[in-house]
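Colleague: Once you've had a glance at the structure underneath, I'll fire off some questions.
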Ligand code: PEP
């Protein structure tokens, strides 16, 4: 059985104070959460330290939103794998479309980050997905297969999560039909050496569509942006009904 991984991506939201207030309320939502699911919060670097302490002894795992490939060096503004490990980080998002679109992330740098994260015991959440133009041109499969081929060179598929995130569905309220997300995720799985890699769907997941998304057989979890910012909605998401 592949694990179910439900991850929030806070992006550039929440101060430390806001993060602690979120957590106090969110932990209260987990009283009856079934044990078959992994819950992850991928928070800004500035919230890692305080949340690491607050999450101690809870079932919620800490995640970051990016990581550099070097252990240390002259890379102003970057954060290294040992720095994350020291703070108790377990997961790290790599290759999010916002990194690729706004910060010049390439498949080559994504590959370097993936290998570095794994070499320090972090579990990467690799994001792949097509633009609206690529989908309209019938290029969805080719584009994703190319991303996978380049991103996964020499990457250990026994310590990996993949998130299928159609870019046109991120932050738009325009969710990909769950059967279509299921189809694409099945195709992604067919390209992997390890069919047990958990593959998430991401793109406008919310408290209302989570049950239908998680009912799809290929979908092993979700990566959630906007709806992970409120304890109420993220609580409903992690308590999805199978
Ligand atoms: C994301 O940031 O990965 C994401 C899927 O965002 P949203 O849920 O807001 O669409």
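Colleague: Here are some conditions: (1) at pLDDT 95 or above; (2) within 18 Å of the chain's Cα centre (by Cα). Residue 191 meets all but one. Which one does it not meet?
Modeller: (2)
Colleague: Can you tell me which residues in region 64-84 are in contact with a helix residue (DSSP H, G or I) (Cβ under 8 Å, 6 or more places away or on another chain) and surrounded by fewer than 17 Cβ atoms within 10 Å (Cβ to Cβ)?
Modeller: Within region 64-84, 70, 71, 72 meet the criteria.
Colleague: Examine region 85-99 for a residue that is in contact (Cβ under 8 Å) with a residue 12 or more places away in the chain, loosely packed, with under 15 Cβ neighbours inside 10 Å and not in a helix (DSSP H, G or I), and state whether such a residue exists.
Modeller: Within region 85-99, none of the residues are in contact (Cβ under 8 Å) with a residue 12 or more places away in the chain, loosely packed, with under 15 Cβ neighbours inside 10 Å and not in a helix (DSSP H, G or I).
Colleague: If you don't mind, another one. For region 182-190, does any single residue satisfy the condition of being within 14 Å of the ligand (Cβ to nearest atom) and without any contact (Cβ under 8 Å) to a residue 40 or more places away in the chain?
Modeller: Taking region 182-190 first, the residues within 14 Å of the ligand (Cβ to nearest atom) are none.
No.
Colleague: Just one of the numbered conditions (1) part of a helix (DSSP H, G or I); (2) farther than 22 Å from residue 196 by Cα; (3) in contact (Cβ under 8 Å) with a residue 24 or more places away in the chain is not true of residue 171; which one?
Modeller: It fails just one condition, (1).
Colleague: Looking at residue 145 and the list (1) more than 10 Å from the ligand (Cβ to nearest atom); (2) in contact with a helix residue (DSSP H, G or I) (Cβ under 7 Å, 6 or more places away or on another chain), which single condition is not satisfied?
Modeller: Going through the list (1) more than 10 Å from the ligand (Cβ to nearest atom); (2) in contact with a helix residue (DSSP H, G or I) (Cβ under 7 Å, 6 or more places away or on another chain), residue 145 breaks only (2).
Colleague: Just for strands (runs of 3 or more DSSP E) wholly inside region 1-73: which have at least 3 residues that are within 16 Å of the ligand (Cβ to nearest atom) and under 21 Å from residue 242 (Cα atoms)?
Modeller: Values: elements: 4-9, 37-42, 60-64.
Answer list for region 1-73: 4-9.
Colleague: Another question about this same structure. Please specify each residue of region 194-242 satisfying the condition of being in a helix (DSSP H, G or I) and within 13 Å of the ligand (Cβ to nearest atom). I'd like the intermediate steps shown before the answer.
Modeller: First, the residues of region 194-242 that are in a helix (DSSP H, G or I): 210-214, 226-228, 231-238.
Listed by number, the residues that qualify are 210, 213, 226, 227, 228, 233, 234, 237.
Colleague: When residues of region 100-114 are filtered for being within 14 Å of residue 79 (Cβ to Cβ) and surrounded by 19 or more Cβ atoms within 10 Å (Cβ to Cβ), how many remain?
Modeller: Number of matching residues: 1.
Colleague: Could I ask something else about it? Give the residues of region 6-37 that are under 17 Å from the mean Cα position of the chain (by Cα) and either surrounded by 21 or more Cβ atoms within 10 Å (Cβ to Cβ) or modelled with pLDDT under 95 (or both), sorted by residue number. Before the answer, list the steps.
Modeller: In the first step, residues of region 6-37 are kept if they are under 17 Å from the mean Cα position of the chain (by Cα); the result is 6-13, 37.
The answer is 6, 7, 8, 9, 10.
Colleague: If I go through region 115-151 residue by residue, how many of them are surrounded by fewer than 23 Cβ atoms within 10 Å (Cβ to Cβ) and either out of contact with any strand residue (DSSP E or B) (no Cβ under 6 Å at 6 or more places or on another chain) or modelled with pLDDT under 95 (or both)?
Modeller: Of the residues in that region, 24 qualify.
Colleague: Can you name the residue in region 85-101 that is in contact with a helix residue (DSSP H, G or I) (Cβ under 6 Å, 6 or more places away or on another chain) and within 16 Å of the ligand (Cβ to nearest atom) and is also farthest from residue 162 (Cα to Cα) among such residues?
Modeller: Checked region 85-101; the qualifying residue farthest from residue 162 (Cα to Cα) is 97.
The values are calculated or read from the model by the stated rules, or taken from the named source; none is laboratory data. What you see is a predicted model; the values in this text were computed from it and never measured. Here Cβ is always computed from backbone atoms with ideal geometry, including for glycine, and neighbour counts include all displayed protein chains.
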